[in-house]
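Colleague: Structure below; questions to follow.
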Amino acid sequence: MKYMKTYLVAIAMFIGAIGFAQNGTITGKVTSSDLPLEAVSIQLENKTIKKWTTTDRNGQYTLSLPAGEYRLKVQSLGYIPHNDKITIVADQTIQLPINLKEDVLGIDEVVITATKTKENRKEAPVLVSVTGTKELATAKAHTLVEGLVFQPGLRTEVNCQNCGTTQVRINGLDGPYSQILIDGRPIFGSLNGVYGLDQIPANMIERIEVIRGGGSALFGSNAIAGTINVITKNPIKNEAQAGVVSSLIAGKAADVVSSLNGSLISDNYTRGISFHALHRARQSYDANGDDFTEITRLRNLNVGAKLFNDFTDRHKLTGEVNMSNENRRGGNKLDEPEHLADIAESIRTQMVGGTANYEYFSPAYNHKFTAYASGERTRADNYYGGLEGNDIEASTGNYGLTKEHIWAFGGQHTAYVPIAKGNLQWTSGVEYQHDKISEKRVNPLILAVNQKSNIFGAFTQADWRISPKVKVLGGLRLDNVTSDILKSSITVLNPRASVLYNIDENFIARASYGRGFRAPFFYSEDVHSELPSGEVRRVKLSDDLKKETSDSFTASFEYNHTHEAHQFVAMIEGFYTALHDRFDYRDIGEENGLKVKEKFNTDGAIVKGLNIELKYSPNKQFIFQLATTIQSAKYNSTQNPEDNIFTDELLKTPNVYGNLLATYKPRPNWDINLVTVYTGSMKVAHLAGYIAENRLETTKGLVDIGLNTSYQINASNFFPLEVSCGVKNLFNQYQNDFDKGAKRDADYIYGPALPRTVFVGLKVKM
């Protein structure tokens with residue numbers, strides 16, 4: 001037996017030696033415009049093996065693997081991927097230099113939101129729109145909310161003069177109908193869903209991926225209108241930059257934003273860390289001279305870091321942490337204690353959150369396992385109300401403290417299976433999320449939300465390339481929702497189906513269906529909506545309240561063309577979303593002298609329309625992007641959202657809206673940008689207080705045109721400097737009919753977020 005073992009070991013060593021001797025090598029340099037490219041992904045694969053490496057700081061790469069035929073994939077963010085077929089010959093070294101062309105319009109971007117796995121955007125069966133760092137820089141965006149508008153079907157709005165809450169609408173539906181993810185993880189709780197869009201700095205964002213239409217089969221509750229996935233910056237090379245932008249709002253209020261970014265990476269690209277910081281100090285702005293704010297006073301500090309460690313080419317650990325501290329104050333008498341103001345909204349928010357992600361590939365790279373855990377803790381010291389009509393004791397009762405703890409963990413498995421002439425990508429996973437909101441108020445009669453919820457979800461999805469022209473996707477998710485405020489648990493089964501058809505090399509057709517749902521919880525949106533003017537109310541859940549559901553259909557045609565430096569994209573997407581058992585509120589009388597509203601199910605609504613997008617770049621000097629939405633958003637029957645306001649149209653939902661971005665680069669280091677956002681006419685509720693009675697207003701269309709320029713100074717004896725300046729809302733198309741005084745309807749606000757605003761900026765790169 002002993003000799004047999006020795007014999008087998010010898011055979012194994014001999015076979016291993018033969019296998020090693022049969023390896024071949026491919027090496028070369030990756031460049032663009034004759035300049036070396038660092039951190040480019042080089043991948044070789046066939047049906048039995050997959051292996052990859054990364055170019056070094058000189059653009060050089062080397063791969064050694066068994067002889068055979070392979071498919072070569074070369075990818076780098078911002079460049080058109082290079083694909084080829086090569087043959088590795090035993091004991092030979094192949095020299096293969098590669099030149100990548102810049103992907104100005106992002107035609108060949110890699111996205112993850114469509115299927116929860118990395119996939120070329122053109123090959124994804126679900127249409128994904130992307131906003132990258134170029135668009136964020138063009139718009140001079142400081143936060144996430146400022147960068148969301150530059151996609152078809154998306155519109156951002158300010159909801160309150162007192163606190164400056166913002167939300168994003170997808171295809172006309174309110175913010176709570178959209179799921180917001182950070183690196184694919186649902187760590188955005190309901191409390192941060194109100195103010196968090198302003199708390200995610202643009203300098204931590206690599207790109208924003210958006211799927212319009214129902215996505216609950218992959219992402220669970222609230223993914224009815226669509227899914228927004230914020231992809232944070234990865235460390236890919238050693239670099240750092242610091243900048244400051246100083247703005248003047250309407251010639252009156254200063255807004256100063258300071259930022260810092262950087263990353264460090266090891267020589268072998270197996271470990272790295274990136275970091276970011278942003279500080280903002282904004283003065284309040286009073287548009288109509290009544291001493292009450294239209295734009296809140298804001299102080300914000302956000303810091304964070306992201307790191308990774310590749311133990312081997314099959315094991316990777318990624319971690320991320322973010323912290324935010326924000327103080328916002330609106331109303332009047334901002335320098336006095338809140339309870340002495342006529343109306344005040346004050347929120348002092350402290351947030352810390354993080355996530356850890358582990359990835360493992362099988363030896364043949366045909367199986368991928370992912371496990372993650374994330375958590376977020378938020379504390380908000382707040383005040384809603386004022387002295388108007390009250391004594392000081394009653395006014396001091398409006399102070400409160402709200403806490404939210406949210407944590408989640410899950411796992412996912414993806415199998416890559418060759419089938420006949422195509423291939424199948426099968427993804428399955430489980431997720432668990434716990435969310436606890438607790439609130440204490442000085443006055444116990446004021447609305448306070450206290451709830452615990454647990455959501456367990458299991459999903460499976462098959463992404464099958466049937467042929468070179470046809471790709472289909474089918475998915476199913478089961479969610480079980482429990483809460484201490486629900487009488488019984490809720491179990492939901494949501495399907496998803498999509499098909500992609502390549503009409504030809506450049507012309508893509510897609511069609512999708514998805515079912516979505518919203519769980520019947522209290523949300524911080526409920527709290528805020530009932531306290532815009534400091535009025536004390538209670539909100540109750542109806543005894544028979546059930547989940548809200550939706551059916552969403554989309555169909556799109558996309559044309560992509562690239563020739564030399566010329567790029568062109570045209571997209572048209574039709575959408576139809578039907579809401580069932582829609583959540584709404586109604587007055588049900590008084591309790592202990594307090595008005596009570598009830599959250600209940602009413603009939604549904606239908607949102608339908610077209611999204612159109614055009615992108616054009618004839619060369620590196622000029623980029624043009626146009627997006628517009630034409631839609632109808634109506635209830636199934638006439639509604640009475642406020643007393644004596646009857647309408648069958650969803651409020652604050654224009655039938656036409658869109659945006660335009662244009663960049664001209666006279667020189668490689670100089671760009672001139674035109675940024676335009678159009679908000680069409682819409683119906684808005686205007687509540688009594690400053691005015692005598694409730695009424696339904698029809699707003700006029702407003703065009704927000706911005707113009708800015710940036711110039712980079714490259715001095716041989718100093719770090720590169722970038723100077724910038726510009727004007728936002730050049731023609732000052734700002735709302736001109738705000739209410740006045742303490743009895744104003746603070747929610748009567750629409751149109752551009754800023755009046756005419758000038759800015760200058762300075763950035764140093766290292």
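Colleague: Of all residues in region 235-245, which are buried (at least 16 other Cβ atoms within 10 Å of the Cβ) and outside any loop (DSSP other than H, G, I, E, B)?
Modeller: Gln241, Ala242, Gly243, Val245
Colleague: Follow-up. For region 754-766, give me the residue count where each residue is among the aliphatic types (A, V, I, L, M), in a strand (DSSP E or B) and within 26 Å of the chain's Cα centre (by Cα). Reasoning before the result, please.
Modeller: So the first thing to find is which residues in region 754-766 are among the aliphatic types (A, V, I, L, M), and the list is 754, 758, 760, 762, 764, 766.
Now drop any that are not in a strand (DSSP E or B), which leaves 758, 760, 762, 764.
Narrowing further to those that are within 26 Å of the chain's Cα centre (by Cα): none.
The total comes to 0.
Colleague: Which one is modelled with the lowest pLDDT, of the residues in region 143-193 that are among the small types (Gly, Ala, Ser) and within 11 Å of the chain's Cα centre (by Cα)?
Modeller: Let us first name the residues in region 143-193 that are among the small types (Gly, Ala, Ser), namely 147, 153, 164, 172, 175, 178, 184, 189-190, 193.
Of the ones still in play, those that are also within 11 Å of the chain's Cα centre (by Cα) are 147, 178, 184.
Details: Gly147: 88, Ser178: 86, Gly184: 83.
Filtering region 143-193 for residues that are among the small types (Gly, Ala, Ser) and within 11 Å of the chain's Cα centre (by Cα), the one modelled with the lowest pLDDT comes out as Gly184.
Colleague: Would you confirm whether any residue within region 708-727 is at pLDDT below 95, assigned by TED's automatic domain parsing to the domain that holds Val656 and among the aromatic types (Phe, Trp, Tyr)?
Modeller: yes
Colleague: Only residues that are more than 29 Å from the chain's Cα centre (by Cα) and charged (D, E, K, R): list them for region 709-750, please.
Modeller: Those that are more than 29 Å from the chain's Cα centre (by Cα) and charged (D, E, K, R): Asp737, Asp739, Lys740, Lys743, Arg744, Asp745.
Colleague: Can you tell me which residue among Tyr664, Tyr657 is in a strand (DSSP E or B), surrounded by fewer than 18 Cβ atoms within 10 Å (Cβ to Cβ) and of a type in the set (Phe, Trp, Tyr)?
Modeller: Details: Tyr657 fails: surrounded by fewer than 18 Cβ atoms within 10 Å (Cβ to Cβ).
Exactly one residue qualifies, and that residue is Tyr664.
Colleague: Which of the residues that make up region 44-64 are modelled with pLDDT under 85 and more than 23 Å from Ser263 (Cα to Cα)?
Modeller: Glu45, Asn46, Lys47, Thr48, Ile49, Lys50, Lys51
Colleague: Then there's this: Assess whether Asn644 counts as being within 25 Å of Lys140 (Cα to Cα), at pLDDT below 95, of a type in the set (S, T, N, Q) and surrounded by fewer than 16 Cβ atoms within 10 Å (Cβ to Cβ).
Modeller: Details: within 25 Å of Lys140 (Cα to Cα): no; at pLDDT below 95: yes; of a type in the set (S, T, N, Q): yes; surrounded by fewer than 16 Cβ atoms within 10 Å (Cβ to Cβ): yes.
Here the answer is no, as Asn644 does not meet what is asked.
Colleague: Just to be sure before I move on: is Lys620 surrounded by fewer than 17 Cβ atoms within 10 Å (Cβ to Cβ) and in contact (Cβ under 8 Å) with a residue 60 or more places away in the chain in the structure I sent?
Modeller: yes
Colleague: What are the pairs with Cβ atoms under 6 angstrom where one residue, in region 75-96, is under 10 Å from Gly24 (Cβ atoms) and the other, located anywhere, is surrounded by fewer than 12 Cβ atoms within 10 Å (Cβ to Cβ)? Sequence gap at least six, or different chains.
Modeller: Between residues of region 75-96 that are under 10 Å from Gly24 (Cβ atoms) and residues that are surrounded by fewer than 12 Cβ atoms within 10 Å (Cβ to Cβ), the close pairs are Thr87/Glu69.
Colleague: Considering each of Arg441, Arg496 in turn, give the residue that is farther than 24 Å from Lys540 by Cα and in contact with a strand residue (DSSP E or B) (Cβ under 7 Å, 6 or more places away or on another chain).
Modeller: Arg496
Colleague: (1) part of a loop (DSSP other than H, G, I, E, B); (2) under 30 Å from Asn655 (Cβ atoms): which one isn't true of Gly706, the others all being true?
Modeller: Among (1) part of a loop (DSSP other than H, G, I, E, B); (2) under 30 Å from Asn655 (Cβ atoms), Gly706 violates only (1).
Colleague: Could you check Ala371 against (1) surrounded by fewer than 22 Cβ atoms within 10 Å (Cβ to Cβ); (2) closer than 30 Å to Asn450 by Cβ; (3) within 30 Å of the chain's Cα centre (by Cα) and say which number it fails?
Modeller: Every condition holds for Ala371 apart from (2).
Colleague: Quick one: count up the residues across region 366-388 that are under 25 Å from Ile343 (Cβ atoms) and in contact (Cβ under 8 Å) with a residue 60 or more places away in the chain.
Modeller: Taking region 366-388 as the starting set, the residues that turn out to be under 25 Å from Ile343 (Cβ atoms) are 378-388.
Of the ones still in play, those that are also in contact (Cβ under 8 Å) with a residue 60 or more places away in the chain are 378, 380, 384-386, 388.
Adding up the residues that qualify gives 6.
Colleague: May I pose another question? Only one of (1) touching a residue at least 60 places away in the same chain (Cβ under 8 Å); (2) part of a loop (DSSP other than H, G, I, E, B); (3) buried (at least 20 other Cβ atoms within 10 Å of the Cβ) is not met by Gly106, so which one is it?
Modeller: Answer for Gly106: the failing condition is (1).
Colleague: Counting only residues that are in contact with a Pro (Cβ under 8 Å, 6 or more places away or on another chain) and in contact (Cβ under 8 Å) with a residue 60 or more places away in the chain, how many does region 568-600 have?
Modeller: 4
Colleague: May I ask you to list the residues in region 208-234 that are among the basic types (Lys, Arg) and buried (at least 23 other Cβ atoms within 10 Å of the Cβ)?
Modeller: Narrowing region 208-234 to residues among the basic types (Lys, Arg): 212, 233.
Within region 208-234, just Arg212 meets the criteria.
Colleague: Then there's this: Among Gly741, Gly751, which is the only one that is in contact with a Phe, Trp or Tyr (Cβ under 8 Å, 6 or more places away or on another chain) and either in a strand (DSSP E or B) or surrounded by fewer than 16 Cβ atoms within 10 Å (Cβ to Cβ) (or both)? So that I can check it myself, show each step before the final result.
Modeller: Numbers: Gly751 fails: either in a strand (DSSP E or B) or surrounded by fewer than 16 Cβ atoms within 10 Å (Cβ to Cβ) (or both).
Result of the check over Gly741, Gly751: Gly741.
Colleague: Looking only at region 122-134, filter to residues that are buried (at least 20 other Cβ atoms within 10 Å of the Cβ) and more than 14 Å from the chain's Cα centre (by Cα); which one of those is nearest to Phe624 (Cα to Cα)?
Modeller: Leu127
Colleague: Taking the residues in region 140-178 that are touching a helix residue (DSSP H, G or I) at 6+ places or on another chain (Cβ under 9 Å) and among the basic types (Lys, Arg) as candidates, determine which candidate is farthest from Ser216 (Cα to Cα).
Modeller: Lys140
Colleague: I need the strands (runs of 3 or more DSSP E) fully contained in region 519-600, keeping only those with at least 2 residues that are closer than 30 Å to Ile343 by Cα and modelled with pLDDT of 85 or more.
Modeller: Details: elements: 537-541, 548-563, 566-580, 582-591.
Strands (runs of 3 or more DSSP E) meeting the threshold: 582-591.
The values are calculated or read from the model by the stated rules, or taken from the named source; none is laboratory data. From a predicted model like this one, the values you see are computed outputs, not experimental measurements. Counting neighbours? That spans all protein chains shown, and the Cβs are built from the backbone with ideal geometry, glycine included.
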